[in-house]
Amino acid sequence: MSDILPIGCELFEYRIRQVLGRGGFGVTYLAEDNNLGFLVAIKEYFPPGLAIRNGLSIVAAKNESDPDGEMFAWGRQRFLDEGRTLARFKHSNIVRVSRLMEVNDSAYLVMDFEQGRDFGRHITGLGRPSEERELRALIIPLLDGLALVHHAGFLHRDIKPANILVRDQDISPVLLDFGSARTAVGARKAGFTVLVSPGFTPVEQYDQEAEQGAWTDIYALGAVLYWAIGQTKPLDALARSFGAPMKSAVELGGSRYSPGFLRAVDWALAIEPKERPRDIREWRAALLGADPEEITGKRRPDGAPAGDQVVVPARSDTSADRGDYGSVIALSHGDRQVVHDLATRELQIGRGAGCDIIVADRVASRNHATIRVRGTEIELTDTSKWGTFIDGDDGSSRRAHQSTVILPPSGQLGLGRRPEEGDFALAIRFHRVSADDGEG
């Protein structure tokens, strides 16, 4: 008896065309929307060892007695919960779930069908060693998307080259095949196989009782970069935990990559979870040049990340060429302060988890505004619903709404509607750091 849906069968308005792949949850199909005529990917809940087909398309628990029957139903609910969570994320680098279906005694996720090659085939297809700028262009967008997932309390847990697709159209990455519910099923049932990808799975995933967090996905992404740098898969984490030696990324990459970039990869690949970056923000800063020791030094006494305190590389030696103020800007709200060098990258403000300054207030839009250096000036681009007010200490006052303005040397940013009495709904102080201020 076949364990896949027959080609040509229909699930509501979708007609199955071919099998795209199989995994721990079940089977992913290519299907066509009969009404609209476009292609979609459909993932079916069909966990190996817990399901069989009864007839052409019905999925049933392999053993209807407890505990297998209970496990099948519980896993299906987690599968649906994962789909509902992913459906909330609107990010170009996370696979989009557009619909959930419960039919055939099973569950199905309808997702965008992305055309491209997986990360591994893309890198090998270059026919040469990948460049640092190419790897940054692929990894940084994934970090922004993954930060949203982590903020919602989910982990991917199965990041590897095969689960990162590089689109043919614009060489942009998209993260596929989220494994959070699958791991939850494994943790629920004693003796249920823990699914790992040797070389890309960190040591804590081999232990169902070990704590997992953002550092778990960071290890896997570090392993992906390690593979891309040396075209060799990292040694299995379990073997490394027992003392098996592995070349560091610094040794593997040599002079082809910047030392800071390679150190960031090695930091992500630390065997002990507590020795890795604690969240996406920490690791992104390291990949962009910040010193890991400086980042860990900014953590709170309990070891948690420093929250809104952003750690950035030292100011560029060319900053003096940008005028009296250079490219460093300091922003503060309450007792929190951010000092940021715009020469390294732009600064994002908003409610979104991927922002550099996260404003936990509904007056801010998810991606409210971006601050960047432009020649000798620093400009703010507003992308919010209500706009951003800029009151300069020089007496200037203006409002940016879906537009770009030049910031004065110092003042305050007002987010949200300005009440009639003239106060901001939420204010952030800012000032440009002059050359005389040193590191600010």
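The values are calculated or read from the model by the stated rules, or taken from the named source; none is laboratory data. No experiment lies behind these values; they were computed from the predicted model shown. Cβ atoms come from the backbone with ideal geometry, glycine included; neighbour counts cover every protein chain shown.
Observations on the model:
- Cβ-Cβ under 9 Å pairs, at least 6 apart or on other chains, the range 152-166 side in contact (Cβ under 8 Å) with a residue 40 or more places away in the chain, far side aromatic (Phe, Trp, Tyr) and surrounded by fewer than 22 Cβ atoms within 10 Å (Cβ to Cβ): ALA152/PHE89; LYS160/TRP227; PRO161/TRP227
- Meets criteria (at pLDDT 85 or above, among the β-branched types (Val, Ile, Thr) and part of a strand (DSSP E or B)) for ILE42: yes
- Candidates ARG398, ARG362, filtered to the one that is of a type in the set (Lys, Arg), part of a loop (DSSP other than H, G, I, E, B) and either exposed (fewer than 14 other Cβ atoms within 10 Å of the Cβ) or modelled with pLDDT of 85 or more (or both): ARG362
- Residue ID - surrounded by the fewest Cβ atoms within 10 Å (Cβ to Cβ), chosen from residues in the range 270-291 that are at pLDDT 90 or above and assigned to a loop (DSSP other than H, G, I, E, B): GLU272
- Failed item, numbered, when VAL97 is tested on (1) touching a residue at least 12 places away in the same chain (Cβ under 8 Å); (2) more than 21 Å from TYR29 (Cα to Cα); (3) of a type in the set (A, V, I, L, M): (2)
- Applying the condition of being polar (S, T, N, Q) and surrounded by fewer than 17 Cβ atoms within 10 Å (Cβ to Cβ) to the range 87-136 and asking which residue is modelled with the lowest pLDDT yields SER92.
- Residue pairs whose Cβ atoms lie under 6 Å apart, sitting 6 or more positions apart in sequence or on different chains, and linking a residue in the range 249-274 that is within 29 Å of ASP207 (Cα to Cα) and assigned by TED's automatic domain parsing to the domain that holds GLU211 to a partner that is part of a loop (DSSP other than H, G, I, E, B) and small (Gly, Ala, Ser), are ASP266/SER248.
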